[in-house]
Amino acid sequence: MVSDVIKNNRSYYIKSLADDDEFSRLDAWYKVGFLIENKILDKDYVVSHKDLFLDLLTTDDEMVKVHAWVLARRFADSGYINKEDIQKRKEFLLPYIKSGDLTAWWNADDLINGKYLEPEYLRKYKDVFIEKLHDSDVGTLTDAWHMIPLMLRDKIISKDDYVNYKDKILSVLDSKNPYIRLNGWETVISLAEAGVLSSDDISKYKDKAMELLSGDDIIKLTSLFDTTVEKFKERLKNIGLI
């Protein structure tokens with residue numbers, strides 16, 4: 001139950017949604033769902049003041065802008081903003097798409113999936129994304145591969161766009177860095193489950209999968225990815241690695 005202190009501070013939340021400090025304003029808009037659910041604000045108020053949020057999608061503050069776009073799909077689905085609002089401002093996300101910012105790619109694909117943008121918005125820049133599939137930075141490479149099922153779902157890329165780079169993501173399983181290696185396992189398993197990697201692609205890693213299950217890494221992995229050893233074993237079994 002929401003405390004009376006919060007309910008009685010409606011004026012504070014209203015002021016926060018219009019804060020001159022854009023970072024503080026963004027933080028306030030992240031709380032809009034909570035405020036509506038708890039009847040501190042109503043949807044009509046949020047919709048009538050949506051320009052206070054929409055301005056954040058076009059601000060010069062890059063950090064605020066990118067994180068405001070994270071909310072765009074959620075707000076559109078909730079009816080706080082609409083497709084026209086997004087279409088009018090989509091050019092402001094493009095510099096980040098073109099630079100290969102994967103958060104921006106995820107945001108744009110989310111909007112494409114929601115039918116707020118057309119697939120061509122990303123598809124014509126797909127070479128930028130493909131470059132990330134063999135990036136020298138392992139974190140970037142892993143994040144990009146995690147996104148492949150989404151890119152395939154929304155017809156941004158095809159199998160031909162990534163098939164020649166499979167060895168790049170599989171090589172992460174040989175990393176000496178335990179966190180990178182474990183993140184690699186989670187990525188590879190997810191990709192195998194999604195059909196992006198085949199049983200032939202991963203079959204040579206059966207011995208390494210057994211090593212993983214018998215060593216300390218399995219405890220670290222289950223802790224990092226909020227799972228259990230049993231669930232992890234089941235996933236490995238389902239993709240033929242044990």
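For 129, 23, what's the fewest-to-most ordering of other Cβ within 10 Å of each Cβ? Kindly include the intermediate steps, with their values, before the conclusion.
Working: 129 23, 23 14.
Lowest count first: 23, 129.
Excluding same-chain residues fewer than 8 positions from residue 65, which lysines have a Cα within less than 25 Å of its Cα?
15, 31, 43, 50, 83, 88, 90, 98, 115, 124, 126, 132
Would you mind ranking 187, 228, 222 by Cβ crowding within 10 Å, fewest neighbours first? It would help to have the intermediate numbers written out before the result.
Working: 187 23, 228 9, 222 16.
In order of increasing Cβ crowding within 10 Å: 228, 222, 187.
What percent of all Cα-Cα pairs in the chain falls into each 5 Å bin, going from 0 up to the bin containing the maximum distance?
Each 5 Å bin holds this share of Cα pairs: 1, 6, 13, 13, 13, 12, 12, 11, 9, 6, 3, 1, 0.
By a straight-distance test (C-alpha under 29 Å), which lysines pair with residue 231 as possible cross-link partners, with residues fewer than eight away in the same chain excluded?
159, 166, 168, 176, 204, 206, 208, 220
Could you tell me what fraction of 2.2 N^0.38 Å the Cα radius of gyration of the range 66-209 comes to, as a two-decimal ratio?
Dividing the Cα Rg of the range 66-209 by 2.2 N^0.38 Å gives 1.13.
Loop only per DSSP, at most 16 neighbouring Cβ atoms within 10 Å: give me the trypsin sites (Lys or Arg not before Pro) in the range 91-188, ordered by residue number. Walk me through the numbers on the way to the answer.
Values: sites: 98, 115, 123, 124, 126, 132, 153, 155, 159, 166, 168, 176, 181; in loops: 115, 124, 155, 176.
Counting only loop positions with at most 16 other Cβ atoms within 10 Å, the trypsin sites (Lys or Arg not before Pro) in the range 91-188 are 115, 124, 155, 176.
Test of understanding: what is the full-extension gain from residue 171 to residue 204, defined as 0.36 nm times their sequence separation minus their Cα-Cα distance?
Values: separation 33, 0.36 × 33 = 11.88 nm, distance 1.16 nm.
Result: 10.7 nm gained on full extension.
Mean-square fluctuation check for the chain, GNM, Cα pairs under 10 Å: which of 68, 28, 144 is largest?
Ranking 68, 28, 144 by mean-square fluctuation puts 28 first.
Report the Cα-based extents of the range 78-155 along its three principal axes, largest first, to the nearest Å.
On the principal axes, the range 78-155 reaches 39, 23, 21 Å in Cα extent.
If the elastic network links every pair of Cα atoms under 10 Å, which of 60, 85, 154 fluctuates the most in the Gaussian network model of the chain?
Evaluated over the chain, the most mobile residue of the options is 60.
Read the figures in this text as sums done on the coordinates, not as results from a lab. Source: prediction; values computed, not measured. Because the Cβ atoms are built from the backbone with ideal geometry, glycine has one as well, and the counts that use them run over all protein chains shown.
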